[in-house]
Amino acid sequence: MRIVAGSRKGHRIDAPKGTATRPTSDRVRESAFSLVGPVDGASVLDMFAGSGAMGIEALSRVAERAVFVESDRDACRTINRNLDRLRLNATVLCQDALRFLATERARYDLVLVDPPYDFDYARLEPYLPRLLDDDGLLVYETGARTEPEIDGLAGRTSRKYGAARLTLFEH
């Protein structure tokens, strides 16, 4: 995988070994950031971070800070290696997403959520609106057939890209 745009454009990043992680393709990442627009100075939360590709893409595009949340230890090591190789500073939290959401009080300009496709997204729904800054955007990646709804947030757009769907939410 490669970073699509920004200061680290063209640099390679690694994905965790095995099938437990499904990295977001370059095409879907590029489409996501085309929909989101500029992220200069943004605070970013990358949930179910996997390789960290989405959050790293935001940092490459001049986001101010990023927090990566991932429960898989190998994936956390991969995110840290990718950040070190690209000389990017960020916080990597190796913990369960629901445990993080239950205690997190910060708000973010951009929230990236990419759980396993079989994950019950309704379990996340109560937490997501309060994480999002008033003018922020939430990008939710699901399987192409799933169209998530989140109480307290309005859907901005939803687009399919092969087996994936990106749905953007705002207050």
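Among DSSP bridges having both ends in segment 30-170, what percentage is antiparallel? Round to the nearest 5.
The answer is about 40 percent antiparallel.
Please give the charge dipole size of the chain, origin at the Cα centre, charges +1 on K and R Cβ atoms and -1 on D and E Cβ atoms. Round to the nearest 20 debye.
Values: 25 positive and 26 negative charges, 156 e Å.
So the dipole magnitude of the chain works out to roughly 740 debye.
Cα convex hull of the chain: mean projected area in nm², to one decimal?
Here the figure is 8.5 nm², rounded to one decimal.
Take peptides 52-58, 72-78 and line them up by average Cβ neighbours within 10 Å, highest first, as a rough protection proxy.
Values: 52-58: 28.7, 72-78: 17.9.
Most protected by this proxy first, the peptides run 52-58, 72-78.
When you count, for each residue, the other Cβ atoms within 10 Å and take the mean per peptide, how do 151-163, 135-147 rank with the highest first?
Highest to lowest by the protection proxy: 135-147, 151-163.
We did not get these values from a lab; they are worked out from the coordinates using the rules stated. Since we're looking at a predicted model, the values are computed, not measured. When we count neighbours, we look across all protein chains shown, and the Cβ atoms used for this are built from the backbone with ideal geometry, even at glycine.
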